[in-house]
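Peer 1: Got a structure for you, written out below as structure tokens; questions coming shortly.
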Amino acid sequence: MTLSDRVSGLLELTRPVNALVAGVLTFIGAFVAVGVAVFDADPGLQAGAAVAATVFAAGGGNAINDYFDRDVDRINDPDRAIPRGAVSPRGALAFSIVLFLAAGATALVLPALALGIALFNLLALLVYTQFFKGTPGFGNLLVAYLGGSTFLFGGAAVGNVEASVTLFALAALSTVSREIIKDVEDVDGDREEGLRTLPVVIGDRRALAVAAGALVLAVLASPVPYFVGTFGVVYLVAVVPADVVMLHAAYVGFEDATASQSTLKYGMFLAAAAFIVGRAAIVLGV
């Protein structure tokens, strides 16, 4: 195994695209909170630090998740870095610790609430990977919180967390659905390892029904920012494509969990874009 292969394996552990997307979501949370002021000196510095901390933490979380999942991955995904031997389990653990330390150091410049969210999320992530991964329902809810909290973190970093609460709730609902669908995909390996995920406990079809219910709830809640006056009619129009894609993902899930998960990812991106458009419309006075 060459040095290049090992470096590539370490980078793979972080799921770089996912980590960068988490950073983008944190920036969206900051933008929704303060608008174009996020590009000014002080808010921009805080937002940049929050984005960097998120990328480091997400990368570390993905790495330590692979460390704890190494036995399951030998069945579900043998091409990942640890099962195929590109990175040793000890190397993956050490790398995740380095990334977590980098995230913590970056977050130290942030306001107290943002720092508190960062520390709580780190603790929640470690508790999840060690104790609650593979528990029916609760593990999915914890991951959903962690995914949605990127928006809260961005808003808190620039001093206006309230503006990001609705976005957090919608993202959490979508994420819990996606996590359940992923568990359906991995049900054979999880059952082999004795993990009690939701589909293992209640069956694939019932788990998919729960996932679809969460998506429908997210769609029904999506107009809330318009009705409470956070955003105008431009947002209401922009969020329609996201709602359509999410409902399609819920329907497809009963026949093809993999296709549903992929479709849902696009729906979540469209929903985030709708919030950007909604905030931009307010800035422009549309």
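Peer 1: At a 10 Å Cβ-Cβ cut-off, how would you order T263, T54, T135, T197, fewest neighbours first?
Peer 2: T135, T263, T197, T54
Peer 1: What order do you get for 143-151, 274-282, 216-224 when each peptide is scored by the mean count of other beta carbon atoms within 10 Å, highest first?
Peer 2: Answer by packing, highest mean first, reads 143-151, 274-282, 216-224.
Peer 1: Taking the square root of 5 times each eigenvalue of the Cα gyration tensor, what semi-axes in Å does the equivalent ellipsoid of segment 1-120 have, largest first?
Peer 2: In descending order, the three semi-axes are 32, 13, 12 Å.
Peer 1: Per the helix-only calculation at 222 nm, which mean residue ellipticity applies to the chain, given -39500 (n - 2.57) for every DSSP H run of n ≥ 4 and division by its residues, nearest 500 deg cm²/dmol?
Peer 2: Value at 222 nm, helices only, nearest 500: -25500 deg cm²/dmol.
Peer 1: Hey, for a label at V233 modelled as a point 7 Å past Cα toward Cβ, could you say which residues of segment 272-286 have their backbone N under 16 Å away?
Peer 2: Flagged as within label range: 278, 281-282, 285-286.
Peer 1: Please list, in order, the residues from segment 194-223 whose amide nitrogen is less than 20 Å from a point placed 7 Å along the Cα→Cβ vector of I282.
Peer 2: 221-223
Peer 1: In terms of the ratio Rg/(2.2 N^0.38 Å) built on C-alpha atoms, what value belongs to segment 117-224?
Peer 2: After normalising by residue count via 2.2 N^0.38 Å, the value is 1.14.
Peer 1: Would you please put 5-17, 166-178 in order of how densely packed they are, using the mean number of other Cβ atoms within 10 angstrom per residue and starting with the highest?
Peer 2: 166-178, 5-17
Peer 1: Among the helices of the chain (complete DSSP H runs), which have Cα atoms covering no less than 20 Å along the helix axis and a Kyte-Doolittle mean of at least -0.5?
Peer 2: 16-34, 41-68, 89-107, 112-127, 138-157, 165-185, 204-221, 233-252, 257-284
Peer 1: Using a 10 angstrom cutoff on alpha carbons, build the Gaussian network for the chain and name the most mobile of F131, F153, F269.
Peer 2: F131
Peer 1: Find the centroid of the Cα atoms in segment 123-175 and in segment 212-286, then give the distance between the two in whole Å.
Peer 2: 18 Å
Peer 1: Still on this model: Compute the distance in nm between two label points, each set 7 Å from the Cα along the Cα-to-Cβ direction, one at A37 and one at L20.
Peer 2: 3.0 nm
Peer 1: Next up: Within the P(r) computed for segment 151-285, what percentage of the Cα pairs occupies the region above 21 Å?
Peer 2: Here the tail beyond 21 Å accounts for 45 percent of pairs.
Peer 1: Next up: Using just the Cα positions, wrap segment 3-284 in a convex hull and report its mean projected area in square nanometres, one decimal place.
Peer 2: Seen from a random direction, the Cα hull of segment 3-284 projects 14.2 nm² on average.
Quick note: the coordinates plus some simple rules give every number you see, no bench work behind them. Fair warning: this is a prediction, and the values are worked out from it, not measured in the lab. Positions of Cβ are generated from backbone atoms using ideal geometry, with glycine treated the same way; all protein chains shown enter the neighbour counts.
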